[in-house]
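Colleague: The structure follows.
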Amino acid sequence: MITEVLTANQLKKEAPVFGQLSFDNHEQVVFCQDKDTGLKAIIGVHNTILGPALGGTRMYDYKTEWDALNDVLRLSRGMTYKAAITGLNLGGGKAVIIGDPKKLKTPELMTRFGKFVHTLGGKYYTAEDVGMETSDMDTVREVTPYVTGISESKGGAGNPSPVTAYGVYMGMKASTKFAYGNESLDGKRILVQGIGHVGEELVRLASEEGANVIISDINQERLEEVSAKYGVEIYRGNDLYAETADIYAPCALGATVNNETIDKLKVKVIAGAANNQLAEENIHGPLLQKKGIVYAPDFLINAGGIINVYAEIEGYGRDQIMTKTENIYETTLDILNKAKATNMTTNASALSIAEDRIAARKKEL
Ligand code: NAD
């Protein structure tokens, strides 16, 4: 295999796309450019065996185009497994737009992007992600039907974040049951890193159950606001990862579980909303297992958002959305038990279930 004979630098030069470390047999990667609007976007279609690839569009001021490519490859792969493990008939895709949304995002740029999405003829459905608003999806909807997460007033399922938070809460409770023998969060010390759309709702759910929640964010104003609203403590130390607690809930950025942080972590459970929490799943999954930290796979427990937008395609309502999201509790518990029984990492165990579902469907096609 090419990755075995070339160094990372050679890979970039000699196999810039198919040889990327994040490349994982993606079906299609589409580079989109429009000089007039300044649009530079990459759409990654990872796998469409279970259905059309669905995943949000992230607009971010990437340092390099390599970073953007890497991100779209990793994120689109994650979507494949998220949909598969959740039992949805969807494949995995994602899009990135390169640039600072505050400076570059215009209705013209979003319209042009929507037209590119449309050229894929429904192979890829887009949605909201970091740097996007529901109104941007409404703009895209004007030029293509292959978009979800549009406003409720326009027939969409609305903001997915509260549903995502509910799924994370379910996954957190299941992990707590596995680690402590009891699912209750009452009295548990929980570190919530990132109190944005999802994090705040998670803070509400956990604190209403009697958890001792500690919040951390780079946005001081939000910290004060959320602390006052739910009566939770603001983290005042300088190293959150070294804090003694029961649960760490990453709800800001990916890759926070890495060589440096695993050494310090003093929690029993990791359960949060961020995508790609393990910097490198084949290294950091086993390290967590060795340390006895229960890791709730991110792509499993943060699937509430995709369940919410899937409802738009399938046309089902709030009750079904919430029931499917509640199922995350049982699925998480099953996977944690299966991982223990087979001595696998929880991440690998979840991936293998998702892969089995895709393989079974492939046989039927
Ligand atoms: P958001 O942008 O609303 O909130 C992120 C929060 O993290 C912000 O308050 C920001 O200030 C904070 N933050 C950024 N960098 C930080 C740092 N270094 N330390 C502490 N806090 C920091 O995003 P969101 O919609 O709440 O999503 C949170 C995470 O969950 C993201 O990784 C997202 O990809 C993932 N996710 C979200 C959804 C959803 O439905 N919104 C679904 C699946 C996954």
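Colleague: Which trypsin sites (Lys or Arg not before Pro) in segment 22-81 pass both tests, a DSSP loop state and at most 10 other beta-carbon atoms within 10 Å?
Modeller: 35, 63
Colleague: Using only the Cα atoms of the chain, build the gyration tensor, take square roots of its eigenvalues as a ≥ b ≥ c, and label the shape rounded, prolate or oblate: rounded if a/c is under 1.5, else prolate if a/b is larger than b/c, else oblate. Kindly include the intermediate steps, with their values, before the conclusion.
Modeller: Working: a/c = 1.44, a/b = 1.28, b/c = 1.13.
It is rounded, given that a/c, with a ≥ b ≥ c, falls under 1.5.
Colleague: Oh, and also: Does segment 8-154 come out rounded, prolate or oblate, given a ≥ b ≥ c as the square roots of the eigenvalues of its C-alpha gyration tensor, rounded meaning a/c under 1.5 and, failing that, prolate meaning a/b above b/c?
Modeller: Details: a/c = 1.91, a/b = 1.16, b/c = 1.65.
It is oblate, given that a/c is not under 1.5 and a/b is not larger than b/c.
Colleague: Answer rounded, prolate or oblate for segment 89-175, using the Cα gyration tensor with square roots of eigenvalues a ≥ b ≥ c: rounded when a/c is under 1.5, else prolate when a/b is larger than b/c, else oblate.
Modeller: prolate
Colleague: If you put +1 on each Lys and Arg Cβ and -1 on each Asp and Glu Cβ, how big is the dipole of segment 8-154 around its Cα centre, in Debye rounded to 20? The partial results should precede the final answer.
Modeller: Values: 18 positive and 18 negative charges, 47 e Å.
That gives a dipole near 220 debye.
Colleague: Along segment 208-213, what does the Karplus equation 6.51 cos²θ - 1.76 cosθ + 1.60 (θ = phi - 60°) give for ³J(HN,Hα), rounded to whole Hz, x for Gly and Pro?
Modeller: Residue by residue, segment 208-213 yields 5, 8, x, 6, 9, 8 Hz.
Colleague: For segment 8-154, give me the percentage of DSSP beta bridges that are antiparallel, rounded to the nearest 5 percent.
Modeller: On the way: 13 of 23 bridges.
Here the antiparallel bridges make up roughly 55 percent for segment 8-154.
Colleague: May I ask for the angle, rounded to the nearest 10°, between helix 220-230 and the longest principal axis of the chain, with both axes built from Cα atoms and the value confined to 0 to 90°?
Modeller: The helix 220-230 is inclined about 50 degrees to the chain.
Colleague: What dipole magnitude, in Debye to the nearest 20, does the chain give about its Cα centre under +1 on Lys/Arg Cβ and -1 on Asp/Glu Cβ?
Modeller: Rounded to the nearest 20 debye, it is 680 debye.
Colleague: Does anyone have the angle between helix 281-291 and the longest principal axis of the chain? Alpha-carbon axes, 0 to 90°, nearest 10?
Modeller: Between helix and principal axis, roughly 0 degrees.
Colleague: Okay, moving on. Please work out how much length the chain gains when fully extended from residue 228 to residue 67, using 0.36 nm per residue of separation minus the C-alpha to C-alpha distance, in nm with one decimal. Please report the intermediate quantities before stating the final value.
Modeller: Details: separation 161, 0.36 × 161 = 57.96 nm, distance 3.75 nm.
Fully extending the segment from residue 228 to residue 67 adds 54.2 nm.
Colleague: Over segment 194-235, what is the relative contact order in whole percent, taking alpha-carbon pairs under 8 Å and six or more residues apart?
Modeller: Normalised by residue count, the contact order of segment 194-235 is 42 percent.
Colleague: Please give the length that would be gained between residue 327 and residue 236 if that part of the chain were fully extended, namely 0.36 nm times their separation in residues minus their C-alpha to C-alpha distance (nm, one decimal).
Modeller: So the extension gain works out to 29.2 nm.
Colleague: A further question follows. Grab the Cα-Cα distance for residue 154 and residue 363, subtract it from 0.36 nm times how many residues apart they are, and report the gain in nm with one decimal.
Modeller: 71.4 nm
Colleague: Now for a separate question. Which whole-Hz ³J(HN,Hα) couplings does segment 189-199 yield from phi under the Karplus relation 6.51 cos²θ - 1.76 cosθ + 1.60, θ = phi - 60°, glycine and proline marked x?
Modeller: Result, rounded to whole Hz: 8, 10, 9, 9, 9, x, 10, x, 3, 7, x.
Colleague: Still on this structure, please answer the following. Contact order normalised by length for the chain, with contacts defined as Cα pairs under 8 Å and 6 or more residues apart; what percent is it?
Modeller: 15 percent.
Colleague: Right, here's the next one. Which value, in debye to the nearest 20, gives the size of the charge dipole of segment 289-365 about its Cα centre, when Lys and Arg are +1 and Asp and Glu are -1 at the Cβ?
Modeller: 400
Colleague: In whole percent, what relative contact order does segment 8-154 give with Cα contacts below 8 Å and a gap of six or more residues?
Modeller: Working: 309 pairs, mean separation 35.2, N = 147.
The normalised contact order for segment 8-154 reaches 24 percent.
Colleague: Now for a different question. For the chain, what is the percent of antiparallel DSSP beta bridges, rounded to the nearest 5? Kindly include the intermediate steps, with their values, before the conclusion.
Modeller: Details: 13 of 40 bridges.
Here the share of antiparallel DSSP bridges comes out near 30 percent.
Every number here is computed from the coordinates shown, using simple stated rules; none is lab data. None of these values were measured; they are calculated from a predicted model. A quick note on method: Cβ atoms are made from the backbone with ideal geometry, for glycine too, and the neighbour counts reach across all protein chains shown.
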